[in-house]
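Taking it in order: structure first as structure tokens, then the write-up.
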Amino acid sequence: MIELQDITLRYGTREILDNVSLTIEDNKIKAVLGPSGVGKSTILKLILGLIKPNCGKILIDGVDITQLKESQLYPIRRKMGIVFQGNALFDSMSISENLGFFLRENLKLSEKETERRVAEQIAFAGLEGYEDSLPENLSGGMKKRVAIGRALIFNPKMILFDEPTAGLDPVSSKKILGLISSLRNKSDLGAAIVTHIIDDVFQVADSVAVLYQRKIIFDDETGKLHDSTHPFIQSILSDKILEQ
Ligand SMILES: Nc1ncnc2c1ncn2[C@@H]1O[C@H](COP(=O)(O)OP(=O)(O)O)[C@@H](O)[C@H]1O
Ligand SMILES: [Mg+2]
């Protein structure tokens, strides 16, 4: 559904992505793994049409979004839910209000239908009893679950996660990864996670692309990572540390 073709991206004169090609399929969980600062969040910004590449195409359901005007991007973005690294919740709104906010703003559903969808995400994210709480009273893992519920509430075709477990303790990370895995049961939903944590990849991803020094150096089923002879991949498999 999402296809990056030969993408080159520069910030000023600094090249971040060099001829990057990548496919994110429906019904699958794809990971993009790479060290800090390599350009993972930049790839998500490109997919959302927030920045344009210097060269290359970005096809979403066959439409090249690099050629679209801002107004033409809205319906495309509506197909995608995004879970930001910092969650981007509204501090002054309750959990229910956070979940319902974009729905009320953008889709003129009946109040009953909006409330039904909010309740559905409260249940999916395991947030029963916290409907009226403010984000500041929730743990990091719970805030992440609110952000996931808010991304899913539009019934997107694709959900994008930027570093879903960064900053979470091991127990919360496991819960979040479990929730991401359970998205497989939602028909027709694809997911992409960008991360620098290799355990995230092994726990949820069907396939993984590894981004290193501006290029994709591996793109295959997760299980095949162990067969790679690339020195960088071998080093991350042995120390599991991705900082350069
Ligand atoms: N708007 C910008 N202008 C200039 N440089 C940027 C901008 N955004 C990100 N960068 C740089 O591009 C590189 C890739 O950034 P990013 O995609 O955020 O990396 P990652 O998400 O993999 O940590 C980093 O070196 C970062 O400093
Ligand atoms: Mg990032």
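FRET efficiency for the pair L59 and L109, taken as 1/(1 + (r/R0)^6) with r the Cβ-Cβ distance and R0 = 41 Å, rounds to 0.85. Think of it as helices only: each DSSP H run of n ≥ 4 in the chain is worth -39500 (n - 2.57), and spread over all residues that comes to -10500 deg cm²/dmol at 222 nm.
Loop-located trypsin sites (Lys or Arg not before Pro) in region 48-148 (DSSP state other than H, G, I, E, B) with a sparse environment of at most 12 neighbouring Cβ atoms within 10 Å: K69, K108.
In a reduced charge model with +1 at each Lys and Arg Cβ and -1 at each Asp and Glu Cβ, region 93-155 shows a dipole moment near 260 debye about its Cα centre.
With the Cα gyration tensor of the chain giving a ≥ b ≥ c as the square roots of its eigenvalues, does the rule (a/c under 1.5 for rounded; else a/b larger than b/c for prolate; else oblate) give rounded, prolate or oblate? Oblate, because a/c is 1.5 or more while a/b does not exceed b/c.
Per-residue 3J(HN,Hα) values for region 18-23, derived from phi via the Karplus relation 6.51 cos²θ - 1.76 cosθ + 1.60 with θ = phi - 60°, read 10, 6, 8, 10, 7, 10 Hz in sequence order (x marks Gly and Pro). If R0 is taken as 41 Å, the Cβ-Cβ distance between E131 and Q213 corresponds to a FRET efficiency of 0.35. Taking every alpha-carbon pair under 8 Å whose residues sit at least 6 apart, region 93-155 reaches a relative contact order of 50 percent.
Taking the longest Cα principal axis of the chain as reference, the axis of helix 170-182 is set at about 90 degrees. Annotation: average projected area of region 93-155 is 3.8 square nanometres, based on the convex hull of Cα atoms across all directions. Taking a straight Cα-Cα cut-off under 26 Å and skipping sequence neighbours fewer than 8 places away in the same chain, the lysines within cross-link reach of K52 are K28, K30, K40, K69, K79, K157, K215.
Each value in this text was obtained by applying a stated rule to the coordinates, not by laboratory testing. Keep in mind it's a predicted model, so treat the numbers as computed, not measured. No Cβ is skipped: glycine too gets one built from the backbone with ideal geometry, and neighbour counts run over all protein chains shown.
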